[in-house]
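Student: Following this message is one structure expressed as structure tokens.
The values are calculated or read from the model by the stated rules, or taken from the named source; none is laboratory data. Keep in mind it's a predicted model, so treat the numbers as computed, not measured. As a convention, Cβ positions derive from the backbone with ideal geometry for all residues, glycine included, and neighbour counts pool all protein chains shown. To get the accessible areas, we keep the full protein, side chains included, count just its heavy atoms, and leave off ligands, DNA and RNA. Shrake-Rupley method; radii C 1.70, N 1.55, O 1.52, S 1.80 Å.
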Amino acid sequence: MTNIAPESTTQTFQTLLQPTEPIQRLLETASLYLHIPFCHTRCHYCDFNTYAGILPLREPYVRALLTEIELAGKAVQLANGLPRRSRTIFFGGGTPSMLNVSQISRMLNACFNAFAVDKDAEITLEANPGTLSQEQLEGLRAAGINRLSMGAQSFDADLLKTLGRIHSPEEITQAVQYARAAGFTSINLDFMFGLPDQTMQQWRDTLERALDLHPDHFSLYSLIIEEGTPFHTWTAEGRITPGDEDLCADMYEYADERLQKAGYVNYEISNWSLPGHHSRHNLTYWQNLPYIGMGAGAYSSFGNSRFSNERDPLAYIKQLKTGHIPEVDREVIEPEQAMAETAFLALRTAIGLHLPTFEQRFAQPFTQFVGNRLRIVEEAGLLEQEDGWLRLSQRGRLLGNEVFLRLLPD
Ligand code: SF4
């Protein structure tokens, strides 16, 4: 796969993605994720914590989330009692666009009350193109949502049916037009490749139709057959045949070249954006910065711990009624693990790991942390350094995880 951005564009992204604030200040922030576990129907490939047929739970669930936002804000407030700063908010799911504008607005206000949300915070809502109206999008924009992320998946009507999606290709186009008319200036479209019987020509057509809409950001994922999904059963029964590894690699490579030609930069393995439209929220994850996940099954990473919530929406609602956050797992992250994870996550991005920031964060140079292994991996041509950034070389990208295994301590 070739996904090295042209040098000048990489430079632009280095400037954009370089921490604009001292790392110690960023470590005192918390990005917020709110999980909305409702869907019209279950897509045939989906293993997310989301449910069809529980729409009457929407309002009780929103109330539970309002309680959790307040409790979480108090739990992570600063030592001086002031709310913790938040730079991004992300409504994910599930299908957050199945809530009404007033419900989203109430949750946003709860976040503004419980956290010190930056004035220019990135506030994203995931939406299903089959659930959006012009009026709703205008309401969401007025409520403060400033980035829309739509699960488009394909412009091929038959493939959308195979996937079990509820929307049509025309609804994707219409949803983007509605969103632009409502004032959204940052729109992401998700697409999938390696779908059952999907041809290269279908994939090319999907990308061309998507590019005609000028989205600001693309997320492209190859289909993964997850256990417990209809696709898993159908694959085992021979009823469907997902794209093989070679075809998926060709589809990825084609998309990368086509999107870069159109001005998009591949800043993370699965993500391309126009300059200035990279997902600041997702960068929180890739830079291993703190985030608080709220809602059923949501994960958090904060301080030296990672923890998650009760997955079942009804149990989640019941427990919040008792005034407690329904935490089910807590794992303490030792400093060595935090260092390894920070490097691993950053090296997935096209710009790589910023070595001075690593040293400021962990009071130890990366070279000291990995020792002799860095020289060995660099000499093998798998990593390269430039202006304080360490990144996978083109060859290193092809080997992926093997580089991490060779580089990082056990
Ligand atoms: S809309 Fe998204 S979250 Fe809902 S079932 Fe489909 S893939 Fe899963």
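Student: Among the residues that make up the range 226-234, is at least one of them assigned by TED's automatic domain parsing to the domain that holds CYS111, under 20 Å from SER270 (Cα atoms) and crowded, with 20+ Cβ neighbours inside 10 Å?
Tutor: Filtering the range 226-234 down to residues assigned by TED's automatic domain parsing to the domain that holds CYS111 leaves 226-234.
From what's left, under 20 Å from SER270 (Cα atoms): 226.
Checking the rest, the ones that are also crowded, with 20+ Cβ neighbours inside 10 Å come to none.
No, the conditions are met nowhere in the range 226-234.
Student: Confirm whether GLN14 is modelled with pLDDT under 95, away from the ligand (no atom under 16 Å from the Cβ), surrounded by fewer than 21 Cβ atoms within 10 Å (Cβ to Cβ) and not hydroxyl-bearing (Ser, Thr, Tyr). Can you show your working first?
Tutor: Working: modelled with pLDDT under 95: yes; away from the ligand (no atom under 16 Å from the Cβ): yes; surrounded by fewer than 21 Cβ atoms within 10 Å (Cβ to Cβ): yes; not hydroxyl-bearing (Ser, Thr, Tyr): yes.
Judged against the criteria, GLN14 is a match.
Student: Restricted to the range 236-275, and to residues that are surrounded by fewer than 20 Cβ atoms within 10 Å (Cβ to Cβ) and of a type in the set (Ser, Thr, Tyr), which residue is nearest to the chain's Cα centre (by Cα)?
Tutor: Per the stated criteria, the residue is SER270.
Student: Name every residue in the range 72-90 that is away from the ligand (no atom under 16 Å from the Cβ) and surrounded by 16 or more Cβ atoms within 10 Å (Cβ to Cβ), in order of residue number. First the steps, then the outcome.
Tutor: Narrowing the range 72-90 to residues away from the ligand (no atom under 16 Å from the Cβ): 72-89.
If the condition is that a residue be away from the ligand (no atom under 16 Å from the Cβ) and surrounded by 16 or more Cβ atoms within 10 Å (Cβ to Cβ), then ALA72, GLY73, VAL76, PRO83, ARG84, ARG85, SER86, ARG87, THR88, ILE89 are the ones that fit.
Student: Would you pick out the residues in the range 180-210 that are over 24 Å from HIS281 (Cβ atoms) and assigned to a helix (DSSP H, G or I)? Outline the logic, then answer.
Tutor: Taking the range 180-210 as the starting set, the residues that turn out to be over 24 Å from HIS281 (Cβ atoms) are 181, 194-209.
Matches in the range 180-210: ALA181, MET200, GLN201, GLN202, TRP203, ARG204, ASP205, THR206, LEU207, GLU208, ARG209.
Student: Name the one entry in GLU402, GLU359, GLU378, GLU384 that is farther than 26 Å from LEU65 by Cβ and part of a strand (DSSP E or B).
Tutor: On the way: GLU402 fails: part of a strand (DSSP E or B); GLU359 fails: part of a strand (DSSP E or B); GLU378 fails: part of a strand (DSSP E or B).
Just one listed residue meets the conditions, GLU384.
Student: Considering only residues of the range 34-54 that are open to solvent by less than 40 Å² (accessible area, probe 1.4 Å) and either part of a strand (DSSP E or B) or among the hydroxyl-bearing types (Ser, Thr, Tyr) (or both), which is nearest to the ligand (Cβ to nearest atom)?
Tutor: That would be THR50.
Student: Hey, another quick one. Which condition does GLY396 not pass, out of (1) open to solvent by less than 60 Å² (accessible area, probe 1.4 Å); (2) touching a Leu at 6+ places or on another chain (Cβ under 9 Å); (3) closer than 24 Å to LEU32 by Cβ, if it passes all the others?
Tutor: (3)
Student: Kindly establish whether THR162 is at pLDDT below 95 and within 16 Å of the ligand (Cβ to nearest atom). Before you say what the answer is, go through the steps one by one.
Tutor: Numbers: at pLDDT below 95: no; within 16 Å of the ligand (Cβ to nearest atom): yes.
For THR162, the condition - at pLDDT below 95 and within 16 Å of the ligand (Cβ to nearest atom) - is not met.
Student: Take the residues in the range 276-300 that are assigned to a loop (DSSP other than H, G, I, E, B) and under 12 Å from the mean Cα position of the chain (by Cα); name whichever of them is farthest from PRO37 (Cα to Cα). Write out each step before concluding.
Tutor: Filtering the range 276-300 down to residues assigned to a loop (DSSP other than H, G, I, E, B) leaves 276-279, 287-290, 295-298.
Pick out the ones that are also under 12 Å from the mean Cα position of the chain (by Cα) and you get 278-279.
Numbers: HIS278: 25, SER279: 22 Å.
Across the range 276-300, the extreme among qualifying residues is HIS278.
Student: Oh, and also: Taking the conditions exactly as written (within 22 Å of LEU160 (Cβ to Cβ), open to solvent by 10 Å² or more (accessible area, probe 1.4 Å) and away from the ligand (no atom under 16 Å from the Cβ)), does GLN136 satisfy them or not? Outline the logic, then answer.
Tutor: Working: within 22 Å of LEU160 (Cβ to Cβ): yes; open to solvent by 10 Å² or more (accessible area, probe 1.4 Å): yes; away from the ligand (no atom under 16 Å from the Cβ): yes.
It is true that GLN136 is within 22 Å of LEU160 (Cβ to Cβ), open to solvent by 10 Å² or more (accessible area, probe 1.4 Å) and away from the ligand (no atom under 16 Å from the Cβ).
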